[in-house]
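Student: The structure follows.
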Amino acid sequence: MNFEERKDLILKELNKKGKLSFHDIEKIVDVAPTTIRRDLTILNQEGLVKRFHGGIKLDNGVSEFSMRQKQSMHTEEKKLLGKKAASSIQPNELIFIGSGSSTMSMIEFMDDKSVSVITNGIPHAEALHKKGIRTFLLCGFLKEHTRSLVGKETVQLMSNYKFDRCFIGANGISSNLDLLSADFLEHDIKNAAITNSIKSFVLVDSSKFNTTAMYSIPLRDHPNMFLITDDKTHTSSQIIDV
């Protein structure tokens, strides 16, 4: 079992429980204690976990998991979000679908071949193409971790279009309902999508709420931006429950 495989197993279990002891981790990955300690050091350096004496816990700040990791987390919730998002699309619309596992989940429920989609997600473009939906994959720098294309060239391309709707994910949602990003590259893509869309939809499951990050987009500043979520603890005219 290599590091990436161990990392996936540890983060998947940590996401369920919020905290893992060293003994818990030994049972999950079944490798030498020295290997586990080295793995935990790397995960801590990557900002994915916080270490404490005897184990690890989730950081309350946002973390950016790989696309493969995200697709194994909160799968049922994301399916509900995706179905709700797809149901809002109207015939002949031009839409933007951002990268991420939450937005990926809506493609399963998209069947209208009259729409056109622009995306920066490589898996998204592949899935849409297989369904026979006209798709344009933006160019830019490849962000291998999330299988997405980003950069100033990508943002410039997006500024050439006026989308009827955009659908994006989020690394987190603050207590003030601000849309959070783990880095400026993803932040710039999301900001461009919202700016150039008549209506914007952010797909977020309940695990994303009450986090913190350096890059944020206030929901209150964008009256045509809506959160599609399974979280029932927040009330706002801009929240759409599934």
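The values are calculated or read from the model by the stated rules, or taken from the named source; none is laboratory data. These numbers were taken from a predicted model, which means no experiment stands behind them. Methodologically, a virtual Cβ is constructed for each residue, glycine included, from the backbone with ideal geometry; neighbour enumeration extends over all protein chains shown. When the accessible area is computed, the model is the full protein with side chains, heavy atoms only, and any ligands, DNA or RNA have been set aside. Shrake-Rupley method; radii C 1.70, N 1.55, O 1.52, S 1.80 Å.
Student: Ignoring ligands, DNA and RNA, please state the percent of accessible area on segment 76-116 from carbon and sulfur, probe 1.4 Å.
Tutor: Heavy-atom surface of segment 76-116 belonging to carbon and sulfur, 1.4 Å probe: 49 percent.
Student: Determine the shape class of the chain: with a ≥ b ≥ c the square roots of the Cα gyration tensor eigenvalues, call it rounded for a/c under 1.5, and otherwise prolate if a/b is greater than b/c, oblate otherwise.
Tutor: On the way: a/c = 1.94, a/b = 1.69, b/c = 1.15.
In terms of gyration-tensor shape, prolate.
Student: Going from the alpha-carbon gyration tensor of segment 103-242, what semi-axes, largest first and in whole Å, does one get by taking the root of 5 times each eigenvalue?
Tutor: 24, 18, 14
Student: Report, in debye and to the nearest 20, how large the dipole of the chain comes out about its Cα centre when Lys and Arg carry +1 and Asp and Glu carry -1 on their Cβ.
Tutor: It comes to approximately 120 debye.
Student: Go through 107, 154, 224 and say which Cα lies farthest out towards the positive end of the charge dipole of the chain; charges sit on Cβ, +1 for Lys and Arg, -1 for Asp and Glu.
Tutor: 107
Student: If one takes the longest principal axis of the Cα atoms in the chain, at what angle in degrees, from 0 to 90 and to the nearest 10, does the Cα axis of helix 3-17 lie?
Tutor: 80
Student: While we're looking at this one, here's another question. Quick one: of 57/190; 131/190; 113/199; 27/57, which pairs are farther than 23 Å apart, Cα to Cα?
Tutor: 57/190; 131/190
Student: I would also like to ask the following. Of the peptides 80-86, 211-217, how do they stack up when ordered by the mean number of other Cβ atoms within 10 Å, highest first?
Tutor: 80-86, 211-217
Student: Could you point to the residue in 133, 35, 90 farthest towards the positive end of the chain's charge dipole, with +1 and -1 charges on the Cβ of Lys/Arg and Asp/Glu respectively?
Tutor: So the residue we want is 35.
Student: Follow-up. Tell me whether segment 166-242 comes out rounded, prolate or oblate; compute the Cα gyration tensor, take square roots of the eigenvalues as a ≥ b ≥ c, and use a/c under 1.5 as the rounded threshold.
Tutor: Since a/c reaches 1.5 but b/c is at least a/b, the shape of segment 166-242 is classed as oblate.
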